[in-house]
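Here the structure is laid out as structure tokens; the discussion comes afterwards.
Any read-out appearing in this document is the output of simple, stated calculations on the displayed coordinates, not a laboratory observation. Please read all numbers here as calculations on a predicted model, not as lab measurements. Every residue, glycine among them, receives a Cβ derived from its backbone with ideal geometry; neighbour counts consider all protein chains shown.
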Amino acid sequence: MTVSELIRPAATPPPLSRSHFAYGRVPPAMRAAELPGICSVRVQDLFADLPEPIHRAGEDPAPVRAAAVAALAGVDMSMIKPGDSVHVLCSEHGFAMMGGTAYAELLRTVRDEIVTRTGATNVKLAVSSAASKFESAEILPAHGLTDYFQGKTFAFGPYDPGIPIDTEIGRLYGVRKAYHAKWLVHVHYDDPREIHYHRVNGRLLKSFTMSYARMETRSIYHTNFPSRSANIVPRAIYESPYIRQRWAFSAVLSTSPTGTMGVDADNDLIAMDRRVGREILRRYGKLVSLFRTIDECFTIADDTRWFPYQHAGGLTACALFENDRDYLDLDLRRDSAQVHKRGNVVKAVVLNSAWKIASTPALTIGVGDRVCRDLMRIHSAQDVLAEPDLPTAVATAIQRTGIDKGIVFDGCYGAINMTHSMAEYLLERAPEVGRQVDEELLPRWLRQRGLEPVT
Amino acid sequence: MFVTSAVVAITDEKCVGCQRCVNVCPSGALAMSGRLAVLDEPRCVGCFKCVEACHPYDAISVLRDPNPRRLTTPITDEFRPAVEELCATARLDPDAVICLCTSTTAGEVAAAVLGGVHEPEDLALATGVRAKCGMWCLTPAMRLLRAHGVDITRPAKDQRIYADGDGAEVAIWTISDEVADRYPEYRLREDLDAIERDDVPRAVGFPDIRPSPSPSPRPSPRPGTDR
């Protein structure tokens, strides 16, 4: 097929609902996918080897449950006795992926399996919040989880009272109430967001600092280690006697740019992390590398959550803000060609929908009175342009930047909504990126991590 | 540097005197008066941690700041050599932005510390550091205080900073060789060597770790912390 034949009508993103945390609080009057100038490219038209998912946003989550039951069948739960307390630890971001349906179904299935197989009924859902513990008040009822866990749910944040955890690298602090149970079950996801932090070198461990730890320990992770070494911090917590005494097992939602691929589960988090790391590199490596070819663009924030964590084709927007080097490459290459000084490639953000607070260094163009009022109040020290509607805001972005290559971060998996010029740009570059990843980069990434080559 | 845009207000009728708000305020703006929390508004930086801590009592609300304040400490020419020396001791670049929320630099914090600001809550007011999330800036601020010889102590109920885990003690340069060798996948020895050569590629959003001003051997593991 020709490039023009691979450019399709815009894909329909997951719906947005009212949120206390969003600029303007109400869903936008118009989604970017409804704009006349927006088209889409299927991620499998970019890279034909991306696998078919078992579940997409909006579909019946029964395949996720079946995959979870199958994966958990291989997990030992015999340490959990009927009278024991169990905390099912989860993180807010999982509910931001594909509408959150798949992650919620995984959490329900984990609870059911624990109750059925062990007789334990004191099973609490412990939600790590990102900016505010109030997030759970919207998230849990929306997915029916408050009722499903029979009211045994709670949220926690990084300034809640801490518990000292003595580790091989020194004293670190967890959040006391997250860990206040006989047994801990860690339920996570393999979204590759923030590759520049975790480097796919302990992806599933990161929660022990960035979800379940006090702010002191989170700050240590971010500032006292280079990113390549920082995962020693969550690893030290995971290996500590404090956690080992409480550790039961982990389950992870497995994804790709096309959707949910399945569920993995294990008593050994390190073994599972190696499996998951391999799949992240295999499934997301080409799209990450393709985004690195983008030299300049504007973006449309049109999803739930903070803009850096909004999705397009399964990748979060922070992949664009951190695309100056290959963060999947674990070798130091200070002087190599991969370390560019191109600066921020995102020249403008059209903010149609996003959660409050997180700003970007790019020109920000708000859409509509309600969004703009919040933007100007919260980011009073930043240049923010206000436009009455989405078409005008996009026209302003193009006029101000002189760039017509735009990407929409609206929560879509399977396809990326974008402007026609961006579609042409990515389709033209994808074949060479695919070849380079297959022949050079993926073997290198795997070799650096001691992982088996992909056959 | 940070310009305040919001402050909080307390509804006395809803305050139950639990003190949770006092325990999380990064700028020392809240205190107890009898059984009620009281606000010293000029010290409020609008971080909203108290709003969350007050749940479910909802006694604290957010208002637009009637008197926006510019929180910064200039680095004067007179102070610059001392600022650079203190930052070097803390392994920070004076120009590094250590707080992504407020754009506060290591140099600003160092200038405030050298100017006699030695309590973390006063540093928030002097530079904006920790005035928002605290995720990036907490540890660098503690490293600068420690480098100046300031020892932070805290009562157990204080939820703002745990002094024995404040981030100044655990770092790549404190990892023992034994631990580094046990976990080769994190390339700790290689990264520390690169830091000492000033050879780690710059990364967006990360304050660089500077070489040690006086390289010393890595310590042995702390007693009682082995697996």
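DSSP beta bridges fully contained in chain A are about 40 percent antiparallel. Database note for chain B: Cys without another Cys beta carbon under 4.7 angstrom, B:CYS15, B:CYS18, B:CYS25, B:CYS44, B:CYS47, B:CYS54, B:CYS87, B:CYS101, B:CYS133.
Placing a label point 7 Å from the Cα of A:SER380 along the Cα-to-Cβ line, the residues of segment B:1-27 whose backbone N sits under 11 Å from it are B:3-7. Only helices enter the 222 nm calculation for chain A: every DSSP H run of n ≥ 4 contributes -39,500 (n - 2.57), and dividing by all residues gives -9500 deg cm²/dmol, rounded to 500.
Between B:ARG154 and B:ASP193, the modelled labels are 3.7 nm apart [label points 7 Å from Cα along Cα→Cβ].
Among the GluC sites (Glu not before Pro) found in segment A:257-330, those both in a DSSP coil and sparsely packed, with 16 or fewer other Cβ atoms within 10 Å of their Cβ, are A:GLU296.
When each of A:LEU6, B:LEU92 is scored by the number of other beta-carbon atoms lying within 10 Å, the sequence from fewest to most is A:LEU6, B:LEU92. Which of the chymotrypsin sites (Phe, Trp or Tyr not before Pro) found in segment A:252-304 are loop residues per DSSP with 12 or fewer other Cβ atoms within 10 Å of their Cβ? Nothing satisfies the criteria. Within the protein assembly as shown, the ratio Rg/Rh, alpha carbon atoms throughout and Rh by Kirkwood, equals 0.94.
Among the chymotrypsin sites (Phe, Trp or Tyr not before Pro) within segment A:94-201, not one is in coil by DSSP while having at most 14 neighbouring Cβ atoms inside 10 Å. Partner lysines whose Cα lies under 22 Å from the Cα of A:LYS347, excluding those fewer than 8 positions away in the same chain, are identified as A:LYS356, A:LYS405. Round to the nearest 0.05 the FRET efficiency obtained for B:THR11 and B:GLU178 when R0 = 60 Å and r is the Cβ-Cβ distance. Efficiency computed from Cβ-Cβ geometry: 0.65. Efficiency by 1/(1 + (r/R0)^6): what FRET value for B:VAL3 and A:GLU5, r their Cβ-Cβ distance, R0 = 60 Å, to the nearest 0.05? Between B:VAL3 and A:GLU5 the formula returns 0.70. Spatial offset of segment B:138-204 relative to segment B:55-105 amounts to 20 Å, using the alpha carbon center of each.
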